[in-house]
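Undergrad: Dropping a structure here in structure tokens format, bear with me for questions.
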Amino acid sequence: MGWILTIIAGGLAGWFAEIVMKFNTGLVMNIILGIAGAIVMNVVLNALGVPLFGPGFINYVIKGFIGACILIYVYRLIKARG
């Protein structure tokens, strides 16, 4: 996927995760969460051998959303302990 589509998909995924997880962040953080979340989910799913809808924009948004939710959850766990 190109850089522009990656940024758009990451922004959408991060924004959806922000809404679901009730985690107030800005546009840049949404993009970062979405892209990082997609990377995390790609690593996890590839390690487990589980494909998710194949390649494409929608696939990237779904993986980014799930991964961003996981990252937000882990952040909250670490913050609660500190």
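The values are calculated or read from the model by the stated rules, or taken from the named source; none is laboratory data. Only a predicted model underlies this, so the values are computations on that prediction, with no experimental measurement involved. Here the Cβ positions follow ideal geometry from the backbone for every residue, glycine too, while neighbour counts run over all protein chains shown.
Undergrad: Considering only the range 1-11, how many residues are under 15 Å from MET29 (Cβ atoms) and either surrounded by fewer than 19 Cβ atoms within 10 Å (Cβ to Cβ) or touching a Pro at 6+ places or on another chain (Cβ under 9 Å) (or both)?
TA: The total comes to 1.
Undergrad: Filter the range 17-28 down to the residues that are of a type outside the set (D, E, K, R), surrounded by 14 or more Cβ atoms within 10 Å (Cβ to Cβ) and over 9 Å from the mean Cα position of the chain (by Cα) and list them by number.
TA: MET21, PHE23, THR25
Undergrad: When you look at ILE39, is it part of a helix (DSSP H, G or I), more than 14 Å from the chain's Cα centre (by Cα) and at pLDDT 85 or above, yes or no?
TA: No; evaluated as a whole, the condition is false for this residue.
Undergrad: Go through the range 29-82 residue by residue and tally those that are of a type outside the set (Val, Ile, Thr), without any contact (Cβ under 8 Å) to a residue 40 or more places away in the chain, surrounded by 20 or more Cβ atoms within 10 Å (Cβ to Cβ) and within 14 Å of LEU12 (Cα to Cα).
TA: Of the residues in that region, 5 qualify.
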